[in-house]
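Visitor: Before anything else, here's the structure in question.
The values are calculated or read from the model by the stated rules, or taken from the named source; none is laboratory data. Keep in mind that this is a model prediction, so the values were computed, not measured. For neighbour counting, all protein chains shown are included, and Cβ atoms are generated from backbone atoms with ideal geometry for every residue, glycine included.
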Amino acid sequence: MFSLFKSQRRDPSIDIFRDAIAQEYHGIEHRDLSPGSLRIIEDLQRAGFEAYLVGGGIRDLLLGKHPKDFDVATNAKPQEIQRVFRKSRLIGRRFQIVHVRMGAEVIEVTTFRGSAQNSNLQQANASGMLVRDNVFGTVEDDAVRRDFTMNALYYNPKTHEVLDFVGGYDDLEDQVIRIIGDADTRYREDPVRMLRAIRFVGKLGLNLSEETAEPIRRLAPLLRDVSASRLFDEVLKLLQAGYGRATFKELVKYDLLKPLFPQTDALLKEGDDPHYEALIQAALTNTDTRLAEGKSVTPAFLYAALYWPQVHRRWQELEAEGHERSNSLIIAGAETLDFNQQFVAVPKRFTTTVREIWELQTKLEKRHGRRPDSTLEHPRFRAGYDFLLLRERSGEIAPGLGEWWTQYQIADESQRRAMIQAAGNEAPEASRRKPKRRPRRHGNAH
Ligand code: ATP
Ligand code: MG
């Protein structure tokens with residue numbers, strides 16, 4: 001979307017700290033903006049307030065991408081916003097945000113935030129993390145409180161100008177993600193900013209500036225202080241938003257996997273089982289492709305893959321100790337989910353499905369009698385079968401079983417019986433691997 005070089009755009013009479021970029025340069029058209037957010041800005045401005053479009057929506061438009069949503073920032077206080085819009089709701093504790101309904105849209109409207117040292121409205125804990133932050137400020141204050149310069153561009157639909165207080169427009173042109181202010185301080189205030197930096201690298205294909213990248217590996221452990229439920233949300237934005245494969249690579253590169261998935265991280269680093277990484281990559285590729293095709297995805301499948309290295313390792317251990325195969329897998333799965341809740345809190349409605357996907361891995365091995373038919377009836381059959389295919393593709397298990405199930409699904413009744421017969425004759429891996437039975441007592445032996 002950038003049409004002209006910076007030097008031609010700059011008006012030397014404009015204060016360097018308040019760059020106003022005219023429409024002829026930034027090229028944003030109102031037809032690219034959501035009607036609801038334009039309406040909200042108009043209403044706020046008519047009521048005498050300052051109001052702008054800001055954040056990811058403006059950033060994505062300037063990059064020529066289709067924005068996910070548009071946020072509005074204003075100098076109206078939350079209560080004042082609510083007075084202008086009857087259909088609005090106050091949400092958020094850490095930051096107060098107003099959700100305004102406009103037709104089918106719900107737009108986030110936030111009051112400009114400022115920073116006030118020693119104010120009782122802003123509190124940090126021992127590691128410098130902000131736990132409360134409701135100090136209001138001017139649009140300039142609001143800009144410097146944002147995370148990256150490219151996310152602090154303000155568009156005023158009335159003047160058609162983009163306001164830039166932090167050099168974000170130039171950074172976007174240079175394809176650079178730059179944290180606002182001192183990187184160490186900003187990451188300590190909110191360690192999730194490190195994940196956000198990586199998310200934008202994966203999603204937008206831009207580069208981190210040196211000072212933005214440098215502290216990440218060092219400060220990554222601070223993510224341990226972030227609530228496990230917030231991390232669940234962030235992981236989905238990282239890995240289940242269409243750019244999972246690229247983003248995962250960046251997480252590994254910056255050592256951010258460790259605070260999120262410590263065991264998976266350890267097993268990947270150990271490198272003994274190259275198929276672990278292959279399986280996660282394949283799952284992410286699968287998810288990216290499905291999203292690109294407009295298909296649905298579930299966090300359960302993603303987590304089944306992300307935790308698989310730990311499950312698989314434990315499953316093998318338990319089996320080696322002589323425990324029954326299916327039970328070993330169930331125990332390994334339960335232990336893994338339990339252990340990981342302290343880092344990333346996966347809601348129960350998903351962990352139930354994650355367990356089922358894993359449990360299906362041994363169910364799918366059983367191909368005698370009516371077993372295949374009841375497995376086929378399992379509500380998670382599809383996800384379990386897809387997961388089996390991933391395991392084959394990653395090289396963890398030899399191919400064959402997946403293809404058998406592919407055929408079985410489309411086979412008619414008599415073909416199915418023949419397939420079961422044939423599977424029985426070929427002595428499936430599962431029965432060969434069964435642990436030895438306890439020797440029977442002599443008296444019962446015939
Ligand atoms: P996306 O396109 O993925 O929604 P986004 O930049 O819009 O990206 P949001 O989480 O919607 O991300 O946040 C909206 C804006 O709020 C950001 O652009 C940024 O200006 C600001 N922001 C969000 N999270 C933080 C944070 N942790 N610290 C500082 N500013 C933040
Ligand atoms: Mg957004």
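Visitor: When you go through (1) at pLDDT below 95; (2) assigned to a helix (DSSP H, G or I); (3) not hydroxyl-bearing (Ser, Thr, Tyr) one by one for Pro12, which number turns out not to apply?
Guide: Only one criterion is unmet by Pro12, namely (2).
Visitor: Answer yes or no as to whether Tyr155 is away from ligand 1 (no atom under 11 Å from the Cβ), of a type in the set (Ser, Thr, Tyr) and touching a Leu at 6+ places or on another chain (Cβ under 7 Å). Give the derivation first.
Guide: Values: away from ligand 1 (no atom under 11 Å from the Cβ): yes; of a type in the set (Ser, Thr, Tyr): yes; touching a Leu at 6+ places or on another chain (Cβ under 7 Å): yes.
So Tyr155 fits the description; yes.
Visitor: Go through (1) of a type outside the set (A, V, I, L, M); (2) buried (at least 22 other Cβ atoms within 10 Å of the Cβ); (3) farther than 25 Å from Ala124 by Cα for Glu173 and report which single condition fails.
Guide: If we test Glu173 against (1) of a type outside the set (A, V, I, L, M); (2) buried (at least 22 other Cβ atoms within 10 Å of the Cβ); (3) farther than 25 Å from Ala124 by Cα, just (2) comes out false.
Visitor: What do you reckon, is Ile58 within 28 Å of the chain's Cα centre (by Cα), within 16 Å of ligand 2 (Cβ to nearest atom), assigned by TED's automatic domain parsing to the domain that holds Asn151 and over 25 Å from Gly167 (Cα atoms)? Don't jump to the end; show me each part of the working.
Guide: Numbers: within 28 Å of the chain's Cα centre (by Cα): yes; within 16 Å of ligand 2 (Cβ to nearest atom): yes; assigned by TED's automatic domain parsing to the domain that holds Asn151: yes; over 25 Å from Gly167 (Cα atoms): no.
Judged against the criteria, Ile58 is not a match.
Visitor: Which fully enclosed helices (runs of 4 or more DSSP H) of region 16-100 have 3 or more residues being surrounded by fewer than 21 Cβ atoms within 10 Å (Cβ to Cβ)? I'd like the intermediate steps shown before the answer.
Guide: Working: elements: 23-26, 35-46, 56-62, 78-84.
Per the criteria, 23-26, 35-46, 78-84.
Visitor: Further, regarding this structure: Looking only at region 61-80, which residues are within 14 Å of ligand 2 (Cβ to nearest atom), under 20 Å from Ile91 (Cβ atoms) and of a type outside the set (D, E, K, R)?
Guide: Phe70, Val72, Ala73
Visitor: Taking the residues in region 21-78 that are more than 22 Å from Gln175 (Cβ to Cβ) and of a type in the set (Phe, Trp, Tyr) as candidates, determine which candidate is nearest to ligand 1 (Cβ to nearest atom).
Guide: Among those residues, the one meeting the criterion is Phe70.
Visitor: Could you run through region 219-248 and say how many residues are aromatic (Phe, Trp, Tyr) and either at positive phi or surrounded by fewer than 21 Cβ atoms within 10 Å (Cβ to Cβ) (or both)?
Guide: 1
Visitor: Somewhere in region 102-120, is a residue of a type outside the set (Val, Ile, Thr), more than 14 Å from ligand 1 (Cβ to nearest atom), within 26 Å of the chain's Cα centre (by Cα) and at pLDDT below 85?
Guide: no
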